[in-house]
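What follows is a single structure, written as structure tokens, with notes after it.
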Amino acid sequence: MNTPAQQQPYKPYKTWFYNLLLALLSPLLLLWLAWRLVIRKKSREGLAERLGSLPEDILELCNTTDPVVWFHAASVGEVAAAEPIIAAFRMQEPLAHIILSTITPTGRARAEKIEGHVDGIIYFPFDMPFVVQRVLSQIAPDLFVMVETELWPNALAETRRRGVKVAMVNARLSGRSWNSGRFLGCLYKWMLDGVWVICAQSELDAERFVKLGAAQERVVVAGNSKFDQNFPIISSAQADKWQHDFGFGLEDKVLLAGSTHPGEEQQVLHIFQQLRTEFGDLQLIIAPRHPERGDAVETLIREMGYDVVRRTRVLAQDAEPVPLVAESAVARVGLLDTIGELASLYSAADVVFVGGSLANIGGHDILQPLAQGKPVIFGPHMHKTKDISELALRENVAFQVRNAEELLLKIAELLTDEQELLRLAAEAPTMIEKYAGASERCALELAQLLDAGTAEGEQ
């Protein structure tokens, strides 16, 4: 059977323009990196790995005769999508040594919470020829798997040169990626020529990949693996403990704003201020998408006249128990500034707003609160999670608003409709079960690709 790699052999000149552009921009890139390292204090973590120097335990792990499979998931969302696929793939290939790379520290933290299926975690190398060459020499993968839309020209060029099988899982092309792909059509076609299997999320994604140059016989519609996440099962006692930890009464209603971005917290606080005139027992918890923004969000909350209960302080060993709101002279707002607890915290909410959707970010995971049977509201900007949000709207288990005014009205409506809350508690988790199964389909494709490569190597 022909493959894209056989039809389009490695041609180093195909990346010359990309690398020439990198060379020309290198002074600016160095200034940008210095700004991130010194001013913003980002990218410091894992800098050696990003430059191609992997730790000894990773080198030992890859020094094996068993298959080595490298999964790459950029950040938290991609890691969440990768986890069920990796778990299903492990069942297919129990002897494989699995490396998972991320780009962001939050993605790394999320990856470290995966239990039992990942053998090693690294930061993804900068996409420069000498860096990716060094990393690929150290890992020597039999299979390289990109999650969603992680296409890096030099990484793909070097995997093709070495004959490494390449796959994409949970693959998608959002509106922005699709537009940039059409603008950079030649580059995308060259990159996709080196991908052996593309497991697309939807028919639309599959069609777009083919239009950008992917071989049609190599594109399959597998669905969205995020429906297969290992959603936490939270007991009523655990949900009550969340209420207690933030100092809220068990009869209080909780509005939870999850994965918020700058600009959204202020709008949510104004909405909360207005709702409190009608719902005196309503409490608010804000969970910024990037916990390192905790200080800035706390300042904003205090400027609105509220005290703040930060999760990190509650968890501190010397922290005093948080008194009930009724015992406090100042109304307060909860602030979740930790990583990995939001999925559980959703269980304590009565109404959930998912951020990144009023701000033009593209939206974030709505499945975690839906898995807890919670009413979910999001804004107009959901292009990064378009398929899932459209399914949720079609199944009538989520609500979309155009602006903060509509968000205020929808929250008030839900807080007064007990029958609607009961319906959502039953139907939202059922919707997730209905669309599950993509991970198994992706894992089967990966196992077949890996086994085909192993058989070729033994001939």
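The values are calculated or read from the model by the stated rules, or taken from the named source; none is laboratory data. Just so it is clear, the structure is predicted and the values come from calculations on it, not from any experiment. A quick note on method: Cβ atoms are made from the backbone with ideal geometry, for glycine too, and the neighbour counts reach across all protein chains shown.
Of 281, 307, all but one fail to be within 23 Å of residue 417 (Cα to Cα), at pLDDT below 95, surrounded by fewer than 16 Cβ atoms within 10 Å (Cβ to Cβ) and assigned by TED's automatic domain parsing to the domain that holds residue 415; the exception is 281.
Taken together, the criteria place residue 230 among residues that are touching a residue at least 12 places away in the same chain (Cβ under 8 Å), of a type outside the set (Val, Ile, Thr), surrounded by fewer than 19 Cβ atoms within 10 Å (Cβ to Cβ) and under 26 Å from residue 80 (Cα atoms). Among the residues of region 278-292, those identified as in a loop (DSSP other than H, G, I, E, B) and touching a residue at least 24 places away in the same chain (Cβ under 8 Å) are 278, 279, 281, 289, 290.
Against the numbered list (1) surrounded by fewer than 20 Cβ atoms within 10 Å (Cβ to Cβ); (2) closer than 23 Å to residue 78 by Cα; (3) outside the structural domain of residue 405 (by TED's automatic domain parsing), residue 186 comes up short only at (2).
Looking at 255, 192, just one residue is touching a residue at least 60 places away in the same chain (Cβ under 8 Å), surrounded by 17 or more Cβ atoms within 10 Å (Cβ to Cβ) and in the same structural domain as residue 441 (by TED's automatic domain parsing), and that residue is 192.
Just wondering, is there one or more residues in region 232-250 that are modelled with pLDDT of 95 or more and within 30 Å of residue 173 (Cα to Cα)? Within region 232-250, not a single residue is modelled with pLDDT of 95 or more and within 30 Å of residue 173 (Cα to Cα).
Within region 60-77, the set of residues being closer than 17 Å to residue 125 by Cα and not aliphatic (A, V, I, L, M) comprises 62, 70, 71, 72, 75. Residues in region 211-239 that are in a helix (DSSP H, G or I), in contact with a helix residue (DSSP H, G or I) (Cβ under 8 Å, 6 or more places away or on another chain) and closer than 30 Å to residue 115 by Cβ: 225, 226, 227, 228, 238, 239.
Of the residues screened, residue 65 is one that is assigned by TED's automatic domain parsing to the domain that holds residue 116, at pLDDT 90 or above, over 29 Å from residue 171 (Cα atoms) and hydroxyl-bearing (Ser, Thr, Tyr). Within the set 414, 444, 409, 422, the sole residue that is under 24 Å from residue 82 (Cα atoms), more than 21 Å from the chain's Cα centre (by Cα) and at pLDDT 95 or above turns out to be 444.
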